[in-house]
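**Q** This is the structure, below, for whatever I ask next.
The values are calculated or read from the model by the stated rules, or taken from the named source; none is laboratory data. Quantities reported herein were computed from a predicted structural model and do not represent experimental measurements. Note: ideal-geometry Cβ built from the backbone for every residue, glycine included; neighbour counts use all protein chains shown.
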Amino acid sequence: MRSITGRLIPLCLLVGIAMLALAPSAPAASGGACQLQGTASFGSGLNATAKPFDYSFNGALTNCQSSVAGSPASGTVSAGEVYTDPTSGKQYQLPRAQGNGSCASSTTSGTAVAFWVDGTRTVVTYSTTGATAAVHLSGSVAASVTLPPVNPTDPPLTLVTTRYAGNSAAGALVFEASPQECASDTGVLAAGIEGTISLGTQN
C-alpha cells in the first residue's frame, strides 16, 4: 500500500463497502481477496462533532487472488449509489450506509454490492467500529438485496448474490483526507479509501 503520511485524518468510520476493504483477521479456508481503491461521499460533512450521517461509496477491486478456481480477477463495489440495470436501462437506488460519530470515532452499518468482471455479483451486509484511521469491519454475504426504483412507476429490482454465497468478510480500512477538512465547519465531504477486501469461509 502506498504511503499516505500527512494525509490521514483521525477518522474512525466505515465507508464501505463498503464494503469492505479488509485485511482478514483469520485466514479464509476458501474465497478471495482483492485490492480496493475508491471514494466515499458523505451526505453531510463529517467533522469533530459527533452526529448521525449517511454516505455512499464506489471503488475498484483489482489484483484479486482466490483459492476457488475460476474466480474473477477484478470488479467494482458500490453502496448508496444509483444502479442502472443493464437489461432494462432502468435506475434503482442502492441503500445508503448509516453511521453515527465524528472524525475521532464512529460506528456504521450498510449494504454494498460487488459487481465482478465475469458478470457475477456479491451482496454484503456489514458493520464497523474503530478509532483514528483504522476501522474494523465485519460482515457476511447476503442472499439478495431489493432496490427501490428511481422512477416510482417502475417495479423494484432484486439483486441476487451469485458468487461467494455464505461467505464472511472481516478486516480494516484506511481513509485519505486532510486534517484541515476534519477541523473545518464544512467537514469531510468525500475521502479516498484503499486497502484489501477479503471474502471467504472458515474451517
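**Q** In region 134-158, what residues are touching a Ser or Thr at 6+ places or on another chain (Cβ under 8 Å), aliphatic (A, V, I, L, M) and touching a residue at least 60 places away in the same chain (Cβ under 8 Å)?
**A** Listed by number, the residues that qualify are V135, L137, L147, L157.
**Q** While we're on this one: Condition first: at pLDDT below 95, more than 16 Å from E194 (Cα to Cα), not in a strand (DSSP E or B) and not basic (K, R). Now tell me which residues in region 131-176 satisfy that.
**A** Y164, A165, G166, N167 - these are the residues of region 131-176 that are at pLDDT below 95, more than 16 Å from E194 (Cα to Cα), not in a strand (DSSP E or B) and not basic (K, R).
**Q** May I pose another question? Would you say G187 is farther than 30 Å from A69 by Cα and touching an Asp or Glu at 6+ places or on another chain (Cβ under 6 Å)?
**A** no
**Q** Another one. Sort through A69, A21, A26 and tell me the only one that's aliphatic (A, V, I, L, M), at pLDDT below 90 and under 30 Å from A183 (Cβ atoms).
**A** Just one listed residue meets the conditions, A21.
**Q** Now for a different question. Answer yes or no as to whether C34 is out of contact with any Asp or Glu (no Cβ under 6 Å at 6 or more places or on another chain), surrounded by 20 or more Cβ atoms within 10 Å (Cβ to Cβ) and modelled with pLDDT under 85.
**A** Judged against the criteria, C34 is not a match.
**Q** Restricting the search to region 81-106, which residues are in contact with a Pro (Cβ under 8 Å, 6 or more places away or on another chain) and at pLDDT 95 or above?
**A** The answer is K90, Q91, Y92, Q93.
**Q** When the residues of region 65-82 are filtered to those that are buried (at least 18 other Cβ atoms within 10 Å of the Cβ) and in a strand (DSSP E or B), which remaining residue is farthest from the chain's Cα centre (by Cα)?
**A** Ranking the candidates gives S66 first.
Quick grid of which residues meet (1) crowded, with 18+ Cβ neighbours inside 10 Å; (2) within 22 Å of C182 (Cα to Cα); (3) hydroxyl-bearing (S, T, Y); (4) in contact (Cβ under 8 Å) with a residue 60 or more places away in the chain:
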site: G38; (1), (2), (3), (4): yes, yes, no, yes
site: K51; (1), (2), (3), (4): no, yes, no, no
site: D54; (1), (2), (3), (4): no, yes, no, no
site: G89; (1), (2), (3), (4): no, no, no, no
site: W116; (1), (2), (3), (4): yes, no, no, no
site: V123; (1), (2), (3), (4): yes, no, no, no
site: Y126; (1), (2), (3), (4): yes, no, yes, yes
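**Q** Okay, moving on. More than 18 Å from G99 (Cβ to Cβ), surrounded by 19 or more Cβ atoms within 10 Å (Cβ to Cβ) and out of contact with any helix residue (DSSP H, G or I) (no Cβ under 8 Å at 6 or more places or on another chain) - does that describe any residue in region 148-161?
**A** Yes, region 148-161 contains at least one residue that is more than 18 Å from G99 (Cβ to Cβ), surrounded by 19 or more Cβ atoms within 10 Å (Cβ to Cβ) and out of contact with any helix residue (DSSP H, G or I) (no Cβ under 8 Å at 6 or more places or on another chain).
**Q** Every residue in region 177-197 that is surrounded by fewer than 18 Cβ atoms within 10 Å (Cβ to Cβ), over 16 Å from the mean Cα position of the chain (by Cα) and at pLDDT below 85, please.
**A** Those that are surrounded by fewer than 18 Cβ atoms within 10 Å (Cβ to Cβ), over 16 Å from the mean Cα position of the chain (by Cα) and at pLDDT below 85: S178, P179.
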